[in-house]
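A short write-up of the structure that comes next.
The values are calculated or read from the model by the stated rules, or taken from the named source; none is laboratory data. Everything numeric in this text was worked out from a predicted model, so none of it was measured. No Cβ is skipped: glycine too gets one built from the backbone with ideal geometry, and neighbour counts run over all protein chains shown. The accessibility values were calculated without ligands, DNA or RNA, using every heavy atom of the protein model including side chains. Shrake-Rupley method; radii C 1.70, N 1.55, O 1.52, S 1.80 Å.
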Amino acid sequence: MAKKGDLDEWSWLSKLFHWVTAGLIFIQIPLGFYAKDLKLSPLKIDMFIWHKSIGMLILLVVIMRLLWRIRSTIPLPIAATAIEKALATAAHAVLYGLMLALPLSGWLISSAANFPVKLFWLIPLPAISGPDESVKLLATEIHIACVISLICILIVHIGAALRHHILLKDDALKRMWF
Amino acid sequence: MLLMKMREKCLAILMALFGTLIYQSVLADSWQSSALSSDLEFIASYQGLPINGRFNRFSVAANTDQATQLTQLDVRVFISSADMGSSEINQAIQTTDWFNSGDFSEAIFTSQHLETVSRTENNAEYIAHGELQLKGLKNSIAVPLSWKNNGSDQVVIAGELTLDRSDFGIGIGDWASGEQIGLAVRVSFAVQLDRTNE
């Protein structure tokens, strides 16, 4: 497990993982909402190939990030009270959970909808389900519930970072920057 | 006396005619597909990856002569029965850009010439040359098929061929380029035919 050492800041690899996932998620969410409302056209299909490609990239990065987090030493949480600490830990756990659940449920939608896909027009993505309408509908519900939860928790996450940076004037944000 | 002979002759000719008709209808057979034991499938491609589809409703009628040589093959396919394993794709392929099943509900293949490639007592290979009418467009196609006796009153015909969807205007407008959705579509069938002589 991750050791909570008295490091001042995150390791450069942790920072890289954090900002790469952040950047990809900020492209991915609007892309998903944009693509789903397009009428069926080659453009829509291209946008979904991007969405699926970025989603699988996020899944890969998040898995590597979790493995790194488990094996590395991470700084102690900056939190004044035990309840703040517990909330922060829970929020981060939910963030990781959603970052896994979103690409996995998306992968399931794509497979159950019988849409084969080559990620970045190069790598064929294997199907994790046969064509199945009810699986597709269930996975879609999960995907939507997860993205709404992710948006909410990202607002809290960014809000908390800004609160630490601007109001509390501590190092919470700075120690995640390079 | 003369009158009697005339009547007898007429009767004899009539009986001979009937006999020939009966004889022919026994030996020249018609065959009809059995919906439960038949498959008509196609493989389209998307990003070069295969997507499978099938037609759930279609019928095949065939005729053979006295020597059970295939002489005629007719196929009707109900386009709205196309199933590609996804409600989204299934709806999309029925639209005007694709099959336009609202205006063209059936595809029809009619053989014009049956070429025998090889033939033994129970098995044969043919090439059915004929015309395929699909989405209102007619094109000559050649359908290679095997014919296997499955018992005296049952045969299975099977084969596969590749069609170019652009020959039939399937996937027009933005879809016309084969870049995303390939132009070549592999079609395969395995159809059980039952003898239907009255």
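Using only Cα atoms, tell me the angle between helix A:82-112 and the longest principal axis of chain A; keep it within 0 to 90° and round to the nearest 10.
Between the helix axis and the principal axis of chain A, the angle is about 10 degrees.
Taking only C-alpha pairs under 8 Å that are 6+ residues apart, what is the relative contact order of the range B:29-195 in percent? Each step should come with its number before you reach the end.
On the way: 403 pairs, mean separation 42.1, N = 167.
Rounded, it is 25 percent for the range B:29-195.
Under the rule of -39500 (n - 2.57) per DSSP H run of 4 or more residues, summed and divided by the residues of chain B, what mean residue ellipticity at 222 nm is obtained, to the nearest 500 deg cm²/dmol? Write down the numbers at each step before the final one.
Numbers: 2 runs with 33 residues, N = 198.
When only DSSP H runs of four or more count, the value is -5500 deg cm²/dmol.
Express the accessible area of the range A:8-176 per residue in Å², computed with a 1.4 Å probe while the remaining protein chains stay in the model. Mind showing how you got there, number by number?
On the way: 9280 Å² over 169 residues.
With all protein chains present, the range A:8-176 gives 55 Å² per residue.
Cβ under 14 Å from A:T21's Cβ, A:T21 left aside: what net charge do those residues give with Lys, Arg +1 and Asp, Glu -1? Spell out each step's value before the answer.
Details: positive: A:K15, A:R65, A:R69; negative: none.
Spelling it out: positives minus negatives among the neighbours equals +3.
Which angle between 0 and 90 degrees, to the nearest 10, do you get for helix A:133-162 versus the longest principal axis of chain A when only C-alpha atoms count?
30 degrees
Provide Rg and Dmax in Å for the range A:43-95, with only Cα atoms included in the calculation.
Looking at the range A:43-95, its Cα Rg and Dmax stand at 16.5, 50 Å.
Only loop residues by DSSP count here, and only those with at most 16 other Cβ atoms within 10 Å; note down the trypsin sites (Lys or Arg not before Pro) in the range B:51-81 that meet that. Write out the running numbers ahead of the final one.
On the way: sites: B:R54, B:R57, B:R76; in loops: B:R57.
Passing both the DSSP loop test and the Cβ count: B:R57.
Take every DSSP beta bridge whose two residues both sit in chain B, then give the antiparallel share in percent to the nearest 5. Mind showing how you got there, number by number?
Values: 71 of 71 bridges.
Percentage antiparallel, nearest 5: 100.
Out of A:S53, A:S134, A:S11, any idea which swings most in a Gaussian network model of chain A, alpha carbons joined below 10 Å?
Ranking A:S53, A:S134, A:S11 by mean-square fluctuation puts A:S134 first.
Residues with beta-carbon under 14 Å from that of A:I128, excluding A:I128: net charge, scoring Lys, Arg +1 and Asp, Glu -1? Write down the numbers at each step before the final one.
Values: positive: A:K52, A:K136; negative: A:D132.
Around A:I128, the charge tally is +1.
Roughly how large is the A-B contact in terms of buried accessible area, totalled over both chains, probe 1.4 Å, nearest 100 Å²?
1500 Å²
Mind checking which aspartates and glutamates have their C-alpha under 13 Å from A:K136, skipping anything on the same chain fewer than 8 residues away?
Within reach: B:E88.
Order the peptides A:82-88, A:151-157 from the highest to the lowest mean number of other Cβ atoms within 10 Å of their residues. Mind showing how you got there, number by number?
Working: A:82-88: 12.4, A:151-157: 14.0.
Going by the mean number of other Cβ atoms within 10 Å, highest first, we get A:151-157, A:82-88.
Enter the angle in degrees (range 0 to 90, nearest 10) between the Cα long axis of helix B:2-27 and the first principal axis of the Cα atoms of chain B, meaning the one along which they spread out most.
Rounded to the nearest ten degrees, it is 30.
Quick one: Cα centre-to-centre distance for the range B:88-164 and the range A:105-178, in angstrom?
Using only Cα atoms to place each centre, the spacing works out to 46 Å.
Taking all protein chains in place and a 1.4 Å probe, what share, in percent, of the accessible surface of chain A do carbon and sulfur account for?
C and S fraction of accessible area: 75 percent.
For the range A:8-176, what is the relative contact order in percent, using Cα pairs closer than 8 Å and at least 6 residues apart in sequence?
Details: 145 pairs, mean separation 38.4, N = 169.
23 percent.
Using Cα positions and a limit of under 13 Å, work out the aspartates and glutamates in reach of B:K148, with same-chain residues fewer than 8 apart set aside.
Hits, sequence-local ones excluded: B:E121, B:E125, B:D194.
Based solely on C-alpha atoms, express the radius of gyration and the Dmax of the protein assembly as shown in angstrom.
Taking only Cα atoms of the protein assembly as shown, I get Rg and Dmax of 32.9, 134 Å.
Taking the square root of 5 times each eigenvalue of the Cα gyration tensor, what semi-axes in Å does the equivalent ellipsoid of chain B have, largest first? Walk me through the numbers before you get to the answer.
Working: eigenvalues 374, 63, 42 Å².
Semi-axes from the Cα gyration tensor: 43, 18, 15 Å.
Roughly what % antiparallel, to the nearest 5, for the DSSP beta bridges in the protein assembly as shown?
On the way: 74 of 77 bridges.
Of the beta bridges lying entirely in the protein assembly as shown, close to 95 percent run antiparallel.
Checking the table A:K52/B:K135; A:K15/A:K169; A:K36/B:K135; A:K44/B:K135 against a 31 Å threshold on Cα-Cα, which pairs fail?
Numbers: A:K52/B:K135 33 Å; A:K15/A:K169 20 Å; A:K36/B:K135 29 Å; A:K44/B:K135 25 Å.
Checking Cα-Cα distances, A:K52/B:K135 exceed 31 Å.
Considering only the other residues whose Cβ falls under 15 Å of the Cβ of A:M64, what net charge follows from Lys and Arg at +1 and Asp and Glu at -1? Write down the numbers at each step before the final one.
Numbers: positive: A:K15, A:R65, A:R69, A:R71; negative: none.
Here the charged neighbours net out to +4.
Counting residues in chain A as N, plug N into 2.2 N^0.38 Å and put the Cα Rg over that result. Don't jump to the answer; show the numbers that get you there.
Working: Rg = 18.1 Å, N = 178, 2.2 N^0.38 = 15.8 Å.
The reported ratio for this selection is 1.15.
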